[in-house]
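Down below is the structure, laid out as structure tokens.
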Amino acid sequence: MNSYQAMVTRSVDNTIRSQIESLQSGELAPGEVRIQAHYAGVNYKDCLSLHGAAKIITQFPRVAGIEVVGEVIESRSEQFLPGDRVLSHGFQRGIEVDGGFAELVQAPAAHLQAIPAGLSAEQVAILGVPGFTAAMALERFEELGLKPDSGLVAVSGAGGAVGRLAIHMLHRAGYRTAALTRKLGNEAALRALGASEVIDISQVIDSKRPIEKPQFAAAIDNVGGAVLSWMLRSLADGGLLASVGNASGNSFDGSVLPFIMRRAQMFGIVANAPWPQRRRLWDKLAGDWKPDFAALQPHVRFIGLNDLLAHAGRQLEGATSGRTVLRFGAAG
Ligand SMILES: NC(=O)c1ccc[n+]([C@@H]2O[C@H](COP(=O)([O-])OP(=O)(O)OC[C@H]3O[C@@H](n4cnc5c(N)ncnc54)[C@H](OP(=O)(O)O)[C@@H]3O)[C@@H](O)[C@H]2O)c1
């Protein structure tokens, strides 16, 4: 048995608390592998879990972290051998089963995939769930007929991880984007990532018009609430809206007008995708949709396990920006 460090989230007297603890690794079941974690992206949902700010974790104690990138060190599956570099996200990791905020992670081989050729482990970690989610939205848009000459694509929560990666990936794929943000101070950074326009959401969301000037061929919403309402009302004829996130809340006001006057289509994105789509999109992220990692570099921050709790608190307050990745000693 090996001892390892993990950020453990417990419910004590109905209060959620997270702290670093030393755990002992257990026996692997048939079909399982043990991973030495090198990176774990820090997602908004993980921050909610760590601070008990929403009911995400189903059973305590739990190691949060919906994604992990690392190296197989022990295997009871024929699919993976020690030394294989792998990634895993979703499949209730960090929610119903222990997740990525630990030096060692145990997982069924069925929840893992090899790091795609063309990406390093660090690059996979930088993309993680946010990059995969942006790729899901882009794939769906293109399935529904969106093309670079269709028009402007709006991205809300532009300063966050999904927002920045979506803007950059859309730009690389030839699309013009409008970044919607609360923080105009990020304008230069968002334009450097490829945003064609930057819109201060405080200037638009108080509008009470039943329908707005048609300006977006498509939109990715990471925020919900009044921002989602405004984007939906601002879609052009045949516009597409991908609902991804709820950083400002779950509900939104709306009417049927965007649907019956402009043929709007709105749909949800769930990153916990089935297998064929996972492999297909990770291959795209390693190929045609591979970001310019040098351009992403100023938008990515690496932290250690000791910094995780404080970082998560700041991310929930909206005081952070870009993509944050937990880096374990082995990868440092
Ligand atoms: N559907 C899925 O499978 C899936 C996958 C990944 C993420 N998500 C969800 O997508 C959302 C974004 O994720 P993320 O990783 O990008 O999170 P993030 O890095 O924390 O960024 C969220 C961004 O939303 C904006 N924001 C935050 N609070 C807001 C508020 N009260 N009002 C308006 N804007 C606000 C901010 O952008 P500005 O600073 O630019 O205003 C912030 O940077 C989260 O809700 C997350 O849970 C869903």
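The values are calculated or read from the model by the stated rules, or taken from the named source; none is laboratory data. Everything quoted here is computed from the prediction, not taken from an experiment. Cβ coordinates were reconstructed from backbone atoms using ideal geometry, including for glycine residues, and neighbour counts include every protein chain displayed. The area values use the complete protein model at the heavy-atom level, side chains included, leaving out ligands, DNA and RNA. Shrake-Rupley method; radii C 1.70, N 1.55, O 1.52, S 1.80 Å.
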| request: Could you give the size of the charge dipole of the chain about its Cα centre, using +1 on the Cβ of each K and R and -1 on the Cβ of each D and E, expressed in debye and rounded to the nearest 20? | output: 720
| Share, in percent, of DSSP beta bridges within the chain that are antiparallel, nearest 5 | 60
| Pick from GLY83, GLY239, GLY52: which is most flexible by mean-square fluctuation in a GNM of the chain where alpha carbon atoms under 10 Å apart are linked? | GLY83
| said: Tell me which of SER196, ALA134, SER255 sits at the most positive position along the dipole axis of region 130-268, charges placed on C-beta atoms (Lys, Arg +1; Asp, Glu -1). | reply: SER196
| query | Rounded to the nearest 500, what is the chain's calculated 222 nm mean residue ellipticity when only DSSP H runs of at least 4 contribute -39500 (n - 2.57) each, over all residues? | reply | -8000 deg cm²/dmol
| task | For every other residue with a beta carbon closer than 15 angstrom to the beta carbon of ARG140, add +1 if it is Lys or Arg and -1 if Asp or Glu, then tell me the sum. | result | 0
| With every protein chain present, what is the per residue accessible area of region 130-268 (1.4 Å probe, Å²)? | 41
| field | Karplus-derived HN-Hα couplings along region 185-197 (A = 6.51, B = -1.76, C = 1.60, θ = phi - 60°), whole Hz, x at Gly and Pro | value | x, 8, 4, 4, 5, 5, 5, 5, 6, x, 5, 7, 9
| task | State the answer as a single residue: which of THR324, VAL227, ALA312 lies farthest towards the positive end of the charge dipole of the chain, with beta carbon charges of +1 for Lys and Arg and -1 for Asp and Glu, about the Cα centre. | result | VAL227
| task | With springs only between Cα atoms under 10 Å apart, run a GNM on the chain and tell me which of ILE95, ILE199, ILE16 wobbles the most. | result | ILE16
| note | When the charge dipole of the chain is computed with +1 on Lys and Arg Cβ and -1 on Asp and Glu Cβ about the Cα centre, the Cα farthest towards its positive end, among ILE95, GLY159, THR9, belongs to GLY159
| task | Output ³J(HN,Hα) for region 20-37: one whole-Hz value per residue in order, computed from phi by the Karplus curve 6.51 cos²θ - 1.76 cosθ + 1.60 with θ = phi - 60°, and x for Gly and Pro. | result | 6, 10, 9, 10, 10, 6, x, 5, 7, 7, x, x, 9, 10, 10, 10, 7, 6
| task | Determine the distance separating the Cα centre of region 95-148 from the Cα centre of region 234-276; give it in Å without decimals. | result | 22
| query | Taking R0 as 30 Å, what's the FRET efficiency between GLU143 and ILE260 from their Cβ-Cβ distance, rounded to 0.05? | reply | 0.85
| query | About the Cα centre of region 130-268, what is the dipole size in debye to 20, counting +1 per Lys and Arg Cβ and -1 per Asp and Glu Cβ, all else neutral? | reply | 120
